[in-house]
Structure formats: structure tokens, C-alpha cells
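First the structure, in the form of C-alpha cells, and then the observations on it.
Rule-based calculations on the coordinates, nothing more; no lab input. Just so we're clear, the structure is a prediction, and the values are computed from it rather than from any experiment. Glycine gets a Cβ as well: all are built from the backbone with ideal geometry, and neighbour counts include every protein chain shown.
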Amino acid sequence: MTSASDAQLRDLALLRRVRDRIDREYAQPLDVEALARGVGMSAGHLSRQFRRAYGESPYSYLMTRRIERAMALLRRGDLSVTDVCFEVGCSSLGTFSTRFTELVGMSPSRYRREAAEATAGMPSCVAKQVTRPIRNREARAPGQP
């Protein structure tokens with residue numbers, strides 16, 4: 001192997017560690033700088049390489065994980081939208097609501113009302129699959145088929 005391919009494999013292993021950390025610690029205060037420090041990369045290099053490997057930025061991946069967890073908590077119905085926002089690691093209700101709406105296609109409060117009815121009686125593992133958020137702002141706008 002050439003040294004370029006060795007470096008590429010090393011970067012991929014580090015990117016996997018970053019992705020695994022996001023999956024594990026999504027509710028913790030994470031930012032790109034902290035993630036990059038954890039694997040000895042600059043924030044810019046991490047962002048570029050992560051996007052190249054996974055098709056989205058580390059921040060976008062983190063927010064998707066948080067929204068997925070928020071969806072499960074909202075389906076449960078025993079927490080307010082604000083409580084869910086902070087439970088999944090978001091520090092701004094506005095940012096949380098905006099990103100949730102972009103990914104899911106409806107506001108968190110509307111989702112809470114509608115998802116509880118739609119998934120009633122459904123095993124949680126099935127509910128998680130059928131309600132998985134759509135990444136990269138692909139949710140349909142209200143009124144679209």
C-alpha cells in the first residue's frame with residue numbers, strides 16, 4: 001500500500017470513531033472542535049473528511065441522531081417539547097424546532113400529537129423504523145403529496 005492510501009485508511013478509522021462517539025454521546029454537549037480534538041484532527045479537516053465519507057457534516061449527523069431520539073421521546077408522550085429538546089442535548093428550543101421541522105416535515109408539538117395516535121399498539125422497534133427522519137432537508141413541504 002502507498003502512504004496516501006495508508007493515510008486514507010487511518011482517516012476512515014478516525015471518522016468511524018467520531019461517528020460512533022456521536023451515536024453514543026448525542027445528548028452531551030458536542031461540537032466539531034471537540035470531536036476533532038478527540039481524534040487529533042483540525043475541525044476543518046474533520047468536517048471535510050466526514051462529509052466526504054458520510055455525505056453530511058458532523059453537525060448534521062449529530063442533529064439527526066438527536067432528532068431520532070426526540071421522535072421516540074415525543075411518541076411516548078410524557079414529556080413536553082421543551083423537556084425533550086434538553087433531554088436530547090439541544091440547548092436552543094428554536095434550533096431544535098427548526099431542525100426537527102426540516103427533518104420530519106412537521107413541528108415537534110404536531111408530531112407529538114399525531115405520532116402517538118399513528119404508532120399506538122405498534123412495537124417500538126417497528127415504530128422507530130416507520131418514523132425515521134429524512135436527512136438533508138428532504139421532508140415534503142405541507143400540502144405536497
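The translational diffusion coefficient of segment 62-130, from Stokes-Einstein at 25 °C and 0.890 mPa s with a Kirkwood hydrodynamic radius over alpha carbon pairs, comes to 207 µm²/s. Would you work out if segment 1-120 is rounded, prolate or oblate? Take a ≥ b ≥ c from the square roots of the eigenvalues of the alpha-carbon gyration tensor; rounded if a/c is under 1.5, else prolate when a/b is larger than b/c, oblate otherwise. Note, shape of segment 1-120 comes out prolate.
Tell me, 71, 122, 41 in order of fewest to most beta-carbon neighbours within 10 Å?
Least to most surrounded, the residues fall as 122, 41, 71.
Rounded to the nearest 20, the size of the Cβ-charge dipole of segment 3-59 about its Cα centre is 120 debye, with Lys and Arg at +1 and Asp and Glu at -1.
Give me the number: length gained by fully extending residue 4 to residue 124, i.e. 0.36 nm times residue separation minus the C-alpha to C-alpha distance, one decimal in nm.
Net length gain for the segment: 38.7 nm.
Rank 44, 12, 28 by how far each Cα sits towards the positive end of the charge dipole of segment 3-59 (+1 on Lys, Arg Cβ; -1 on Asp, Glu Cβ) and give me just the farthest. Positive-end residue among those listed: 12.
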